[in-house]
Each structure stands twice: as structure tokens, then as C-alpha cells.
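Single-structure report; data block below.
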């Protein structure tokens, strides 16, 4: 096998192309991330796996057929396929949600992203590459029963190699496009950028979307996006963090769906009562990202009825609301037997001794001053949910020992 490329993986795939290999190529990196490349007579049928296979699939689905949902797909859930995404792709084509050209683009984009990730991983440590010859009949049980398009492996390699070169030239080699940008020092960042830019950061850089997810949403090249964020990352105003893959309902069994719902129900519920939609949105991002459920209440008169109905584990309460202020709501909470035990954390822009004393008088457990800071909110959650879950502490005890 000649060494046309610097990458061992690329050269191995060229060799398999020349041998007209039919089967599956398993690839594993040093961190145990796995990919699978399916070839037929040396040409690429499908690429699967990686860090975020479901995110990758969802981006393509949103791009080419956003109108599609599980109901109008009418998938055969009695069958299980090794290549579930490819099976769904064939259904999309059969039902004319997409045409063959779009389906081919699905395959190429998925393969290019997978190849890029493998090249980046190989640049750090050698990959384990294991070709497994397969018959045509074995492909049928993999979900590859209809060959949509056979893609030239070398085209995929060339494009991915070029993308990796550009990524390195931009100084991004240490960062994966699967990482999610998020704000690290929010107040410093607010001072460094314009109000519009900061609001865009606040809206988009929530740590829930990878660079690739954001690039798709913004209709921007991922390399340009990552490069534009680098100055803020170097100043430690932003950071890139690992995130989990998303779940896709059509590949979940009934039992896993039930388990997922139960796990969601078991997560602590936090309510934020604030008439500012912006504050509620920021709090929702912080709280859900930390792994908790969230309800936002923007109308003061709905606060107590919502708490009685939802029975949350913790309440964040703004004191500066019209009609009924936060002090009055906190007093009402402490008078209602069903909810009087719930810890209440006061949110206010006035960090004065009078407000702190008054908060304690009405039965608040803790006091957090605005502007909202992620670290303070998380600390308040941990302190109050933990203390409330420990046996034996009464509301009055918690009031006299605020966080």
C-alpha cells in the first residue's frame, strides 16, 4: 500500500478502495470513541458513530427536511438496525421527503464530518482500524438494504484532509468542532463587547450547542465561527466544553423512553418568579444546563397557584415586581401549608442591609444580588436543595442559617 496521504487511516481506506472491499471498517480512538464506515466494492455507503452521531443526524434532518417528524415517517419499530439513521434515510427517500441528490448530500456531509473527526483524533494518537469483510446479505440486516448512493472514498478523504489543514492553520487543532462554547466570565465579557454582541452571546453560547450545531443554526462555516471566537477563548472570557449527544425518539425503545421520562421526573424542579422575560430566560439556561427542571413565572399573581401545583424543590424570587412584590409573595408562601417548607432565594438588584434583613423577616432562605452570575446561582441551588433534602431541618432553622 502506497503512502499517498500523511494519515494512516486515509491510506488504509485508499487501499480498501483499490481492493474493492465490501464490508465494515471499525475505527476506534484512544478515548474509546468509535466510528464505522460501510463500503461496497470500495465505495462508501455510509459513515456512522463518533462523539455526536445523533446531533450530526439532527442537523442534516433539520437542513433538508425540517417538516419531518416521527409520526409522518411511520417507521417500522419492530425492526432493529445497526445503521438506524441510514434506514430512516431510505424511508425519507421512499416517501419523497427528499430526493436522491439530497440523500447523497446527507451521506457526503455525514462522512466528511466523521472523517475530519477521525483525522483530528489520529493527529493525537494512533487509531485502531479493523476492516471486516461482509457479504451483501449482511448489509441487509444493517439497514443498508437500499443503496442510495455509492460515494467515492477518495473524495471524502481529500475534502476532510483539506478541512483539517485549514483548521490547523487557524490555530484550532486543540479544539474539536464537537465542543460547545459557553461564557466563562460573564461580567468581563459584558464589558469587552457591545450590547448587541453580548446579547447574541447570551442567547447562543449557552453550552448546549456544539460549534457545528451553532454553525448550522447561524448558516456560517464552522471554521470561520470557531476562528471568530478564539480571541475570547484566549482571554478566558469564553470556554469550549464537552457536551453529551442528544437523544432521538425514533431509535429509543419503549422501555428506554419510559426510563428517560422517569429520570426527568426525578430531577429537582426549580421555579423562578420574575417579571423580566430576559431574567427568566437566563435562569432557565443556567438551571437546565446544571441538570434541573425549570418553570418560569412572570406574573406575580400566578406565583402561589403555580407553586401549589408544581411543588418545586426551590424557588428563586425577584422582590421588585409590580402589583405584588417579592416580599409579599414570600410571606404568602410561608403561610400556605403545602408549600411553606420550600426554600426561597431572593433575587434583587439592591444588595443592601435593609433588603437582607427584610428577606429574613419574611422567611427567605438566601439572598442573591443581580446581575445574575452563574456561580452564585449554582451555589444557591446546591446549598438550599441539599439542606432541604437533609432530614430534620425546619423552615425556621433554615431561615436563621441563610446561605
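Summary of values
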| item | result |
| --- | --- |
| Ranked list, fewest to most other Cβ atoms within 10 Å of each Cβ, for 149, 194, 30, 10 | 194, 30, 149, 10 |
| Exposure proxy order (Cβ contacts within 10 Å, fewest to most) of 97, 15 | 15, 97 |
| For 323, 377, order by how many other beta-carbon atoms lie within 10 Å, fewest first | 323, 377 |
| Whole-number percent relative contact order across segment 267-399, with pairs defined as alpha carbons under 8 Å at least 6 apart | 22 |
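Laboratory data are not the source of any read-out in this text; all were calculated from the coordinates shown. Since we're looking at a predicted model, the values are computed, not measured. Don't worry about glycine lacking a Cβ; one is built from the backbone with ideal geometry, like all the others, and counts go over all protein chains shown.
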